[in-house]
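**Q** Just passing along the structure, written as C-alpha cells.
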Amino acid sequence: MPIVAQNDLPSFARLRREGMTVLTPERAKHQDIRELHFGLLNMMPDAAMEATERQFFRLVGESNPIAQFFLHPFTLDEIERGDKARAHVARYYERFEDVQANGLDGLIITGANVTQPDLSREPFWEPLKRVYDWAQTNVTSVLCSCLASHAVLQFEHGIHRRHLSQKRWGVFGHRVLDQSHPLVNDVNTRFDVPHSRFNDVSREQIEQAGLHVLVESEVAGVHLAVSRDGLRTVYFQGHPEFDNISLLKEYKREVGRYCNGLRADYPPFPEHYFDMTSAAVFDEYRERLQSAMSGQGAVPTFPEALVLDSIHNTWHDTGEAVVGNWIGLVYQVTGSERDKPFMPGVDPSDPLGWSR
C-alpha cells in the first residue's frame, strides 16, 4: 500500500517520478485503511543520507498491500554533518523527542560511518543505545541494517564483530536455513544479497547468544537473524535495500581514493557484480588511468555510462518480500495505539508464538 507524504521531503517527489504511488495526506484521509508508522533512524554520512532514505522508503512502500505507511525519518545530533545535510535534517526530519511522544509501530536503523576501532567509542554509541532501549519498550519491532546490527549485537549481547582480512564486497548467493519462520515465508529458498563491509559477526557468535539465524551465505556469512522471540529485533548484515548502482558508486569512490593517493592499492571489483564486458571496460580504464597518473596523458572520465545497462538487480524482489513479511507481522500484533507496541493478549516475550 502507498506511502503517505506527510511533508515535502524531496525523496517523496523522487519516488513519485520513479512510478511509486505516494499519497497526499488529504487523499489518505479518504481511504478507510489502517495506518502504520515506521521510523527511520538515518545514521548514514552526508553523501549517502538521501539515497538511504529512498532505498528504505522503496522497500517499505512497495512491500505490503495492507496499510498506509507513514515514515518518520530522524537522526542523532551527535553525528557530525555539513551545512547542506544539517539544513536537510532541520527541514525534513523529525526530532527524536517528537517520535517518542507520538509513537511508532516499527523502527529501521541504518548503518553509519565508523572511525574508531571499537564501536563503543563512536559518537553515536550512547545515543543509539537510548533510542534502542526506548524502542524495546515502545516499538513492536526494530530492523537493524549492517553496522546497526553490529552495534546492537555488541551492546545487547556482548558480541564483538571480527575484522575481515579484506572487504566483503559484492553480490552473494544465500540460502534460507529455517523456512518455518514467517519472515522468510514464501520467499525463494536461495537468493542474492549485496554485502559491503570490513567486519563480520558469525553464525556461531549469533547462535551462542541464543539468537536465530534465518539466512546465510556460504561465502558472505549471515545475512538475516532475529532475536530470541523471533520478532522484536531483526538483524540484516547484507544490504537488500541497495539500488542497482550502489556498488558501482562505491567502486567509483574507491577508484577516486586511489587516484587521490588515499589508498595504496587499486580497488578490486565487487564480486559477482560486473559481467565480463563491464570488467573489460574497467580494466581498460585502469590502464588509461595509471598511464595518466604516471604523466602520460589526461585523467580519463570514469566510464560508468558504458556499463549501466549491464548491471542487473538480482536481490530487490526477495528483499522486498522479507520486509513485506516483517511489516505484516508488525501489523498482526501491534495495536491501533501508536504508543503501545502490542494489542491486548499478545505475549511480548513470544509475540508470534514461534519460539515456543
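FYI, it's all coordinate maths here, none of it is from the lab. Just so you know, these numbers come straight off a predicted model, no measurement behind them. Backbone-built Cβ (ideal geometry, glycine too); neighbour counts: all protein chains shown.
**Q** Roughly how far apart, in whole Å, are the Cα centres of region 194-218 and region 98-127?
**A** 20
**Q** Hey, rough spin-label estimate for Val219 and Ala264, points 7 angstrom out along Cα→Cβ, what's it come to in nanometres?
**A** That separation, rounded to one decimal, is 2.7 nm.
**Q** Dividing the Cα radius of gyration by the Kirkwood radius, what Rg/Rh value follows for region 246-310?
**A** Expressed as Rg/Rh, it is 0.95.
**Q** In the chain, how many lysine pairs have Cα atoms under 24 Å apart, counting only pairs 8 or more places apart or on different chains? Working shown, then result.
**A** On the way: Lys29/Lys340; Lys84/Lys249; Lys84/Lys252; Lys129/Lys340; Lys167/Lys249; Lys167/Lys252.
Qualifying lysine pairs in the chain: 6.
**Q** Next up: If the viscosity is 1.002 mPa s and the temperature 20 °C, what translational diffusion coefficient in µm²/s does Stokes-Einstein give for the chain when Rh comes from Kirkwood over Cα pairs?
**A** Working: Rh = 21.4 Å.
Diffusion coefficient, whole number: 100 µm²/s.
**Q** Can you give the Rg/Rh ratio of region 43-187, where Rg is from the C-alpha atoms and Rh is the Kirkwood radius? Display every interim value, and only then the final one.
**A** Details: Rg = 16.5 Å, Rh = 17.2 Å.
Rg divided by Rh gives 0.96.
**Q** Going through the DSSP H helices of the chain, which span 24 Å or more along their own axis at the Cα atoms while scoring at least -0.5 as a mean Kyte-Doolittle hydropathy?
**A** Working: long enough: 276-293 (25 Å, -0.37); 316-333 (26 Å, 0.31).
Answer set is 276-293, 316-333.
**Q** For n ≥ 4 DSSP H runs only, could you compute -39500 (n - 2.57) per run for the chain, divide by its residues and tell me the 222 nm figure to the nearest 500?
**A** Working: 11 runs with 127 residues, N = 356.
Counting only the DSSP helices, I get -11000 deg cm²/dmol.
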